[in-house]
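Here is the structure we will look at.
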Amino acid sequence: MTPFPPLTASHRYLRLVRASAWYDLVVTAGFMTPWTYALLHRALSWSGEALGLGGMPPLDPMQTLYANLMGSVVVVWALLRLTGTRAVHGVFDGAARVLFALWQGYALAHGAPRLLWIFLVVEVAFGAVQLAPWVRRRSRRTTGSARAETAAAGVPGSARR
């Protein structure tokens, strides 16, 4: 059994993968360079303060470096999903979103500005809807394999109904 069972690439699912890529492109493009990140940092800090959700910590070179690395990788990943959209991109993007959500939750638990909740909700939502078809498909396949193995062993009533 393959770790990611093939998924029929429905137009609806591929639109979902592209929508998550557009979201990533729009939201993370500002993180790509030190100059755009400085502007985005100010805007996020202002927004967080205005909404009562907390401002960003002061800029420093390491924070900027990690923001630029993350922004660059996410933008390239978004462009790949937009230019060559495949169903398997959804499972990998969903897995990445689970990781992003975990680390965002960790940051929130350790005092990050509450503005991060907005991004966490989007990560969880896109992750869930992109992984759901794969999880359902895998569980159906696993259940079907178990039935077939039991039937092959001659256990009565175990054949597919």
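The values are calculated or read from the model by the stated rules, or taken from the named source; none is laboratory data. Just so we're clear, the structure is a prediction, and the values are computed from it rather than from any experiment. Heads up: the accessible areas ignore ligands, DNA and RNA and are worked out on the full protein's heavy atoms, side chains in. Shrake-Rupley method; radii C 1.70, N 1.55, O 1.52, S 1.80 Å.
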task = Order the following by accessible area, largest value first: Tyr13, Tyr66, Tyr23. Probe radius 1.4 Å; ligands, DNA and RNA are ignored.
result = Tyr66, Tyr23, Tyr13
key: Karplus-derived HN-Hα couplings along segment 70-79 (A = 6.51, B = -1.76, C = 1.60, θ = phi - 60°), whole Hz, x at Gly and Pro   = 4, x, 5, 5, 5, 5, 5, 4, 5, 5
message = I'd like to check one number: the per residue accessible area of segment 6-60, probe 1.4 Å, reported in Å² as a whole number.
response = 62
inquiry  = Suppose the chain between Gln63 and Arg86 were pulled fully straight at 0.36 nm per residue; how much longer would it get relative to their current alpha carbon spacing?
reply    = 5.0 nm
